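Take a look at the structure below.
The values are calculated or read from the model by the stated rules, or taken from the named source; none is laboratory data. Since this is a predicted model, take the numbers as computed values, not measurements. A quick note on method: Cβ atoms are made from the backbone with ideal geometry, for glycine too, and the neighbour counts reach across all protein chains shown. Each accessible area value is taken on the protein alone, full model and side chains, heavy atoms only, with ligands, DNA and RNA left out. Shrake-Rupley method; radii C 1.70, N 1.55, O 1.52, S 1.80 Å.
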Amino acid sequence: MTVSTRPDTKDVWNWLSDVPDPEIPVISVTDLGIVRDVRYEDETLVVAVTPTYSGCPATSVIELDIETALAAKGVSDLRIERRLSPAWSTEWIGEEAREKLRAYGIAPPSESQPSSQIASRAARLAGRTSLVVACPRCNSTETEKISQFGSTPCKAAYRCKSCFEPFDYFKCI
Amino acid sequence: MPSLPDMNSTDVEELAHRAAERQGPHDHHLHDEELKPAFFEWLCRLGDTTLVLGHRISEWCGHAPVLEEDIALANVALDLIGHTQMWLGLAGEVEGKGRSADELAFRRDAMDFRSLLLAEKPNGDIGFTLTRQFLFDAYHVALLRALTDSSSVRVSEIAAKALKEASYHLDRSSDLIIRLGDGTEESHRRVQKALDTLWTYANEMFVTDSVDEAVAEAGIAPRPETLRAAWDSHVSAVLAEATLKRPDNDFARTGGRNGERHSEHLGHLLAEMQFLQRAYPDASW
């Protein structure tokens, strides 16, 4: 008689919450909202992961990290499913994770909407971005965008005009 | 389409949600034998264009005039190559001969490529590169927006994902065209010259042929000519802001998208891009 040793999916979610994002190690892959589903297909554990950006080189590293972490817990029958839809959104990053990002020096995604197309256009022509991004160090909102694209696909480069520090901003997608 | 793209609007998000809602396990287009040749060809047109353009702009890596631009171009290249994996991956599935995205990318020769002539143009100076990018980005966003409504679930899912990224590309390239066009005399002159050179190549994006008719008939994609109005309105608004003159030339240089006549540049590009897989087939590390 064989005894089924398959772990509960709740435990699996817990283990995954300890797997850090390879590029932003202060948050986990579940904090980031990229683990979309954990389920069993017969005896195979299936973990569905969605990419943040379609060409993000971290995607395959993340899959490998998940595999390694679950193997350490004794999961050998595993399949990682790459799920495209619904497309990943920064809205899936939880409040706690946003706080961790800020403490790490990365301004979390700001869901603040510009009041109107025209206001946003006027701001752009004046060289300002319509987003209010607070400096993760001194909390000043006197900040400016240096570049739409930062050190990884998910970030933009900003500068604080109060404390003069450059910082990364996790852009909304 | 707004006169200047506003990438913080909920619009893109909404389109992504809508595409996701229509998600189903089954895409009947993938098993439509009659449609197969046109569907495969059309997917190659998309995937080859993002591949060739992605490779082109990656050539700037380590060479761009300022660090921020260097990083931005590499990021855009990465996104486009990510899109390529999805488009050519699906193309391989539709074709049904077991070819992967990598095999389609690295083991076809120039005559089998269906990329836009615009994409294979050599980089020129940074003004030329950004003008090419701007003309493409405006088309790319209009096309992807339309594709989120595709009757093919698989196509709409990829489009919803890619649109989020392409919106940032257009935001950036529009901004830079305004800054360069309305910048110094020298930057204005260079961008205007690039625009005059590239315009007839850009016109290829809106030429509709029998392959397009077939996929349009199946509800998979819009006829390219229908994208012209949205493209024109955005491009014209940005050019006006940038004090640049919109070229008045409707002639379209064709042959890239239908594979009839690529320029010599594509062969050189592929020689470099495909070298490793040609010399050491199936090499991996």
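So that you can scan it fast, the table gives a plain yes or no per residue for (1) touching a residue at least 60 places away in the same chain (Cβ under 8 Å); (2) more than 12 Å from chain B (Cβ to nearest Cβ):
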position	(1), (2)
A:Glu67	no, yes
A:Lys73	yes, yes
A:Glu81	no, yes
A:Pro86	no, no
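Just one of the numbered conditions (1) closer than 19 Å to A:Asp168 by Cα; (2) at pLDDT below 90 is not true of A:Arg98; which one?
(2)
Got a number for residues in segment A:144-173 being touching a residue at least 24 places away in the same chain (Cβ under 8 Å) and more than 13 Å from B:Ile71 (Cα to Cα)? Step through it out loud before you land on a result.
Residues of segment A:144-173 touching a residue at least 24 places away in the same chain (Cβ under 8 Å): A:145, A:152-155, A:158, A:160, A:162-163, A:165, A:167-173.
Still in the list and also more than 13 Å from B:Ile71 (Cα to Cα): A:145, A:158, A:160, A:162-163, A:165, A:167-173.
Selection size over segment A:144-173: 13.
Residues in segment A:71-85 that are in contact with a Leu (Cβ under 8 Å, 6 or more places away or on another chain) and in a strand (DSSP E or B): how many?
Step one: of segment A:71-85, the residues in contact with a Leu (Cβ under 8 Å, 6 or more places away or on another chain) are A:71, A:75, A:77-79.
If we keep only those that are in a strand (DSSP E or B) too, we end up with A:78-79.
Selection size over segment A:71-85: 2.
Is it true that B:Val66 is hydrophobic (A, V, I, L, M, F, W, C) and within 30 Å of B:Ala229 (Cα to Cα)?
Values: hydrophobic (A, V, I, L, M, F, W, C): yes; within 30 Å of B:Ala229 (Cα to Cα): no.
No: the conditions fail for B:Val66.
Restricting to segment A:135-149, count the residues that are closer than 19 Å to A:Lys100 by Cα and buried (at least 19 other Cβ atoms within 10 Å of the Cβ).
Of the residues in that region, 2 qualify.
Suppose we filter B:Ser210, B:Ser152 for residues that are at pLDDT 95 or above, closer than 30 Å to B:His28 by Cα and surrounded by fewer than 22 Cβ atoms within 10 Å (Cβ to Cβ); which single one remains?
Details: B:Ser152 fails: surrounded by fewer than 22 Cβ atoms within 10 Å (Cβ to Cβ).
Going through B:Ser210, B:Ser152 in turn, the sole match is B:Ser210.
Scan segment A:27-70 for residues that are open to solvent by 60 Å² or more (accessible area, probe 1.4 Å) and in a helix (DSSP H, G or I) and report the count.
Going through segment A:27-70 one residue at a time, the tally reaches 5.
Here are the criteria: (1) of a type in the set (Asp, Glu); (2) open to solvent by 10 Å² or more (accessible area, probe 1.4 Å); (3) within 14 Å of chain A (Cβ to nearest Cβ); (4) free of Cβ contacts under 8 Å to residues at least 40 places away in the same chain. Tell me which single one B:Glu157 does not satisfy.
B:Glu157 satisfies all of (1) of a type in the set (Asp, Glu); (2) open to solvent by 10 Å² or more (accessible area, probe 1.4 Å); (3) within 14 Å of chain A (Cβ to nearest Cβ); (4) free of Cβ contacts under 8 Å to residues at least 40 places away in the same chain except (4).
What residue, among those in segment B:68-112 that are closer than 18 Å to A:Cys56 by Cα and acidic (Asp, Glu), is surrounded by the fewest Cβ atoms within 10 Å (Cβ to Cβ)?
B:Asp102
Which condition from (1) within 20 Å of the chain's Cα centre (by Cα); (2) open to solvent by 10 Å² or more (accessible area, probe 1.4 Å) is the one that B:Ala166 breaks?
So B:Ala166 meets the others, but not (2).
Does segment A:92-113 hold any residues that are among the charged types (D, E, K, R) and in contact with a Cys (Cβ under 8 Å, 6 or more places away or on another chain), and which are they?
Result: A:Glu111, single match.
Kindly check whether there is at least one residue in segment A:6-19 that is modelled with pLDDT under 90, surrounded by fewer than 19 Cβ atoms within 10 Å (Cβ to Cβ) and farther than 28 Å from B:Leu15 by Cα.
Restricting attention to segment A:6-19, the residues satisfying the condition of being modelled with pLDDT under 90 are A:6.
Next, only the ones that are surrounded by fewer than 19 Cβ atoms within 10 Å (Cβ to Cβ) stay: A:6.
If we keep only those that are farther than 28 Å from B:Leu15 by Cα too, we end up with A:6.
Yes, some residue in segment A:6-19 is modelled with pLDDT under 90, surrounded by fewer than 19 Cβ atoms within 10 Å (Cβ to Cβ) and farther than 28 Å from B:Leu15 by Cα.
Inside segment A:153-173, can you point out the residues that are in a loop (DSSP other than H, G, I, E, B) and crowded, with 19+ Cβ neighbours inside 10 Å? Show your work before the answer.
Quick first cut of segment A:153-173, residues in a loop (DSSP other than H, G, I, E, B) only: A:153-154, A:161-165, A:171-173.
The answer is A:Pro153, A:Cys154, A:Lys171, A:Cys172, A:Ile173.
Being over 26 Å from B:Thr148 (Cβ atoms), more than 13 Å from chain B (Cβ to nearest Cβ) and modelled with pLDDT under 95, is that true of even one residue in segment A:52-60?
no
Does any residue in segment B:31-44 that is modelled with pLDDT of 95 or more come within less than 8 Å, Cβ to Cβ, of a residue that is part of a loop (DSSP other than H, G, I, E, B) and among the charged types (D, E, K, R) six or more places away or on a different chain, and which pairs are these?
Within 8 Å, the pairs are B:Phe39/B:Asp32; B:Glu41/B:Arg114; B:Cys44/B:Arg114.
Filter segment B:64-120 down to the residues that are among the β-branched types (Val, Ile, Thr) and more than 19 Å from the chain's Cα centre (by Cα), then identify the one that is nearest to the other protein chains (Cβ to nearest Cβ).
Taking segment B:64-120 first, the residues among the β-branched types (Val, Ile, Thr) are B:66, B:71, B:76, B:81, B:84, B:94.
Next, only the ones that are more than 19 Å from the chain's Cα centre (by Cα) stay: B:66, B:71, B:94.
Numbers: B:Val66: 9, B:Ile71: 5, B:Val94: 16 Å.
Applying the filter and picking the extreme gives B:Ile71.
Does B:Ala142 count as within 14 Å of chain A (Cβ to nearest Cβ) and buried (at least 24 other Cβ atoms within 10 Å of the Cβ)? Give the steps one after another, and end with the answer.
Values: within 14 Å of chain A (Cβ to nearest Cβ): no; buried (at least 24 other Cβ atoms within 10 Å of the Cβ): yes.
The answer is no for B:Ala142.
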